[in-house]
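Just so you know, all these numbers are worked out from the coordinates, no wet-lab data involved. Keep in mind that what you see is a predicted model, and the values were worked out from it rather than measured. Ideal geometry is used to build each Cβ from the backbone, glycine not excepted, and the neighbour counts take in all protein chains shown.
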């Protein structure tokens, strides 16, 4: 199986180890952002995709999530 973001070898959920970790961090951080700023999931994804300190792997995952509509 290949990663749905980058075509590296991946796990059963479709993410390589790098993008899987990025996804975990994105999901883990959302409740804090939601509580502090009252952002929806989509707004949160847009915010972190435009944030200059967001890593490249996280930005790639965000782009995939926005495109696919995954929640």
log₁₀ of I(q)/I(0) at q = 0.20, 0.24 Å⁻¹ - the range 1-42, Debye sum with one point per alpha carbon = -0.62, -0.72
Nearest 10, in degrees from 0 to 90: the angle of helix 17-37 to the longest Cα principal axis of the chain is 10 degrees
In nm, to one decimal, how far is the residue 24 label point from the residue 11 one, both placed 7 Å along Cα→Cβ?
-> 0.6 nm
For every helix of n ≥ 4 consecutive DSSP H residues, a contribution of -39,500 (n - 2.57) applies; sum these over the chain, divide by its total residues, and give [θ] at 222 nm rounded to the nearest 500 deg cm²/dmol.
-> -20000 deg cm²/dmol
Let me see the pair-distance distribution of the chain: every alpha carbon pair, 10 Å bin width, integer percents in order.
-> 21, 54, 22, 3
